[in-house]
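S.K.: One structure follows; several queries about it will come next.
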Amino acid sequence: MGALELNFPKEVSALVRHKKEEDQTLLWDPCRKKWLIATPEEWVRQHALHYLHLLGYSFALMETESGLRTGFREKRSDALVYKNTAPFILVECKAPSVKIDQKVFNQAFNYNQSLQAKYLYLTNGKQHIFWDIVGHNALESLPSANDPNS
């Protein structure tokens with residue numbers, strides 16, 4: 001798989017580490033500290049993590065593929081950012097070919113019922129939706145890690 005064209009700042013794309021190994025592209029996950037197969041969704045997730053890092057969030061305060069419970073089902077969030085030990089931003093990533101629609105929003109909102117993060121970040125790498133759970137409204141961007149109002 002070659003690099004996918006995504007709608008992230010150039011600085012983000014420059015930070016995503018990738019390599020070829022035996023005809024496979026691998027991506028470095030700075031949260032899990034290991035190389036992963038570069039599926040389209042993983043390519044988006046790694047860009048989203050680096051975008052959040054540029055906003056000042058530490059990789060040490062991010063989790064990828066963390067478990068959660070919705071009703072009686074075990075699910076996994078794509079990424080979760082913590083602030084003051086509490087879930088702060090829930091990230092739902094999709095492959096670039098998957099449209100960010102009401103179904104994706106509902107999935108993230110359902111996951112957040114148990115997590116109670118303040119913000120949702122939905123992305124397919126081309127479209128980015130930032131949602132303030134507390135204020136019940138869409139945002140132009142997520143707050144930076146140093147924003148005293150968040």
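Quick note: the coordinates plus some simple rules give every number you see, no bench work behind them. Bear in mind that the values here come from a model prediction, so they are computed numbers and not experimental data. Cβ sites come from the backbone with ideal geometry, for glycine too, and all protein chains shown count toward neighbours.
S.K.: Of the residues N124, N137, N112, which exhibits the maximal mean-square fluctuation in a Gaussian network model of the chain defined by a 10 Å Cα contact cut-off?
M.R.: Taking springs between Cα atoms under 10 Å, the residue moving most is N137.
S.K.: In nm, to one decimal, how far is the R76 label point from the S114 one, both placed 7 Å along Cα→Cβ?
M.R.: Here the modelled spin labels are 1.5 nm apart.
S.K.: Right, something else. Just want the ordering: S77, S150, S144, from fewest to most Cβ atoms lying within 10 Å of their own Cβ.
M.R.: Ranking S77, S150, S144 by Cβ neighbours within 10 Å, fewest first, gives S144, S150, S77.
S.K.: How big is the Cα convex hull of the stretch 1-57 in projection, averaged over all directions, in nm²?
M.R.: Numbers: hull surface 15.0 nm².
Dividing the Cα hull surface by four gives the mean projection, 3.7 nm².
S.K.: Give me D147, D23 ranked fewest to most by other Cβ atoms within 10 Å of their Cβ, as a rough exposure proxy. Kindly include the intermediate steps, with their values, before the conclusion.
M.R.: Values: D147 10, D23 5.
In order of increasing Cβ crowding within 10 Å: D23, D147.
S.K.: Sequence-distant or interchain residues sharing an amide H contact under 5 Å with I133, placed H: which?
M.R.: Y119, L120
S.K.: Return a whole-number percent for the relative contact order of the chain, with Cα pairs under 8 Å and 6 or more residues apart as the contact set.
M.R.: Numbers: 263 pairs, mean separation 27.7, N = 150.
With pairs under 8 Å counted, the relative contact order is 18 percent.
S.K.: Continuing with the same structure: Full-extension gain between W28 and K10, please, as 0.36 nm times their residue separation minus the C-alpha to C-alpha distance.
M.R.: On the way: separation 18, 0.36 × 18 = 6.48 nm, distance 1.78 nm.
This chain segment gains 4.7 nm when fully extended.
S.K.: Please find, in a Gaussian network model of the chain (springs between Cα atoms separated by less than 10 Å), the residue of D78, D101, D29 whose mean-square fluctuation is greatest.
M.R.: D101
S.K.: To continue, here is another question. If amide hydrogens are placed 1.01 Å from N in the peptide plane, which non-local residues have theirs closer than 5 Å to the one on Y57?
M.R.: Correct list: A145.
S.K.: On each of the three principal axes of the Cα atoms of the chain, give max minus min coordinate, whole Å, ordered largest first.
M.R.: Dimensions of the chain along the principal axes of its Cα atoms: 45, 36, 27 Å.
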